Amino acid sequence: MNGKRITLIIGGGIAAYKSCELVRLLRKAGHQVRCVLTKSGAQFVTPLSLAALSEDKVYTELFDLKDEVEMGHIQLSRQADLLVVAPATADLMARMAAGMADDLATTLLLATDKPVLIAPAMNVRMWAHPATQRNVATLKRDGVHVLEPDEGPMACGEFGPGRLPEPNDILAAIEALLADTPKPLMGKHVLVTAGPTHEPIDPVRYVANRSSGKQGYAIAAALAELGAQVTLVSGPVVLPTPSGVTRINVETAVEMQAAVNAALPVDAAIMVAAVADWRFPAADQKIKKQDGEPPLLQPSENPDILAGLCQSPQRPRLVIGFAAETEKVIDHATAKRARKGCDWIVANDVSGDVMGGDRNTVHIVTASDVESLDEADKGDVARLIAQRIADALA
Ligand code: C5P
């Protein structure tokens, strides 16, 4: 890769020491690095170390007139190919998500028209706090690329997600974002369904299932990383929208089918949602407890969205279904592929804690072949499936 210009914003956290190594690696890889230190970042690393490693001036103050004469803050944010925030603290992310510009770092981030990559690092509880998760979701919606923190022992003595990824991994993420090679799914529109559906029985109750949406969301994210335009039709889940993905929220199977049809035409559809088989005539008022008499729920069959899509005149070139099975996984998946009329079935064994968990073991069943993947993180499974989709659409 040709040398790129990177503006590295360093927030105030103990992980800031790793940013020195990141600067060294970036320079070694031939990139130009311009460092911006926040006030609290300067408590952890000194401008002198960063200036020596980056072989450039280090910027700290918004109201430094000398800097404004040499280079205004707008130019500083635009004369870069990429802005990287590492470590991104909870406070810095909150200010970014709120659109504040109360120091040099946030002003650059608000003024830039270049891609932004953030690598959050903080105490595990700060990371898990709903406020931080809300901010991460907002930033992703704003198009910010978020490198998920690593899990492990922390400087504060706790254990969990929140560690800054190793400088080598941050370098790899930077280079992937700046890669000159065209992405394989560029120009392709892909539809993904994910999550459960909720089928109401009255205004306060519904029938649902344990799908977390994690695998479908990971697939949507992996497809977007390969350059696809992704429409994600999602049942009710508590997950942030992946960067660069258009999300349409639905509740019931009938709503999901309508959203799927409205998204057509697409080049490929991956139906990961755990759609309820049945719906119920929902009572207008809350069903009252009646002595010893449980209410009679008269189910009617939901539309099979996947099978319907396969028969549609607007059938995408590639249609992929998912099969959650607890036994004879491949046999059932093979039969399901034929029955539904889709091109592939991705079969997963859900007899363990796959639903809601972070790992998955899948088999890709096509008309001519079964590819069994090793058990892996749902993100890795997603990247592999996305690559297979890219190969198929090439
Ligand atoms: O029939 P079964 O529910 O096992 O099929 C699973 C596959 O079919 C998944 O891809 C799921 O998203 C899709 N499906 C659907 N509409 C339904 C039921 C399942 O699209 N009503």
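The values are calculated or read from the model by the stated rules, or taken from the named source; none is laboratory data. What you see is a predicted model; the values in this text were computed from it and never measured. Glycine also receives a Cβ, built like all others from the backbone with ideal geometry; neighbour counts cover every protein chain displayed. Surface areas here come from the heavy atoms of the whole protein model, side chains and all, with no ligands, DNA or RNA. Shrake-Rupley method; radii C 1.70, N 1.55, O 1.52, S 1.80 Å.
Relative contact order for segment 189-393 using alpha-carbon pairs under 8 Å, separation at least 6, rounded to a whole percent? Relative contact order, segment 189-393: 21 percent.
Each Lys and Arg Cβ is given +1 and each Asp and Glu Cβ -1; about its Cα centre, the chain then shows a dipole of about 480 debye. Cβ-Cβ distance of ARG359 and ASP202, R₀ of 22 Å, FRET efficiency by 1/(1 + (r/R0)^6): the value works out to about 0.05. In units of the compact-protein estimate 2.2 N^0.38 Å, the chain shows a Cα radius of gyration of 1.13.
Here the peptides 340-347, 23-30 are ranked by packing, the mean other Cβ count within 10 Å, and the order with the highest first is 340-347, 23-30.
If the chain linking ALA179 and ARG210 were pulled fully straight, counting 0.36 nm for each residue of separation and taking away their Cα-Cα distance, it would gain 7.3 nm. So for the chain, averaging the separation of alpha carbon pairs under 8 Å that are six or more residues apart and normalising by length, what relative contact order in percent results? Relative contact order here is 11 percent. Compute the accessible area per residue over the chain, keeping the other protein chains in place, probe 1.4 Å, unit Å². Ligands and nucleic acids excluded, the figure is 48 Å² per residue.
Can you find, among ALA51, GLN32, MET154, the residue sitting farthest towards the positive end of the charge dipole of segment 5-178, where Lys and Arg contribute +1 and Asp and Glu -1 at Cβ? So the residue furthest toward the plus end is MET154. A crude spin-label estimate for the pair VAL238 and GLU251, with each label 7 Å from Cα along the Cβ direction, gives 1.9 nm. In the chain, taking the dipole from charged Cβ atoms about the Cα centre, the farthest positive-side position among ASN168, ASN209, ALA390 is held by ALA390. For the peptides 2-13, 237-248, residues were scored by their other Cβ atoms within 10 Å and the scores averaged per peptide; the highest-first order is 2-13, 237-248. Given +1 at the Cβ of Lys and Arg, -1 at the Cβ of Asp and Glu and no other charges, the dipole of segment 5-178 around its Cα centre is 120 debye to the nearest 20.
Shown for the chain: the carbon plus sulfur share of the solvent-accessible area, taken with all protein chains present and a 1.4 angstrom probe, equals 52%. Packing-based ranking of 315-325, 205-215, 286-296, 141-151 yields 315-325, 205-215, 141-151, 286-296, ordered from highest to lowest mean Cβ neighbour count within 10 Å. Charge dipole of segment 84-212 (Cα centre as origin; +1 on each Lys and Arg Cβ, -1 on each Asp and Glu Cβ, all else neutral): 420 debye, rounded to the nearest 20.
With each label point set 7 Å from Cα along the Cα-Cβ vector, what nm distance links LEU264 and LYS328? About 3.2 nm separates the two model spin labels. Per-residue extension of 0.36 nm, minus the Cα-Cα distance of GLU371 and THR46, leaves a gain of 111.8 nm for this segment. Hey, quick one: spin label on ASN168, modelled 7 Å out along Cα-Cβ, who in segment 362-394 has an amide N within reach, i.e. under 17 Å? Within reach of a label on ASN168: no residues. For ARG141 and GLN314, a Förster radius of 30 Å and the Cβ-Cβ distance give a FRET efficiency of 0.60, rounded to the nearest 0.05. Helix 214-225 and the longest principal axis of the C-alpha atoms of the chain enclose an angle of approximately 50°. When the chain is treated as a Gaussian network with alpha carbon springs shorter than 10 Å, the biggest mean-square fluctuation among THR334, THR326, THR252 belongs to THR326.
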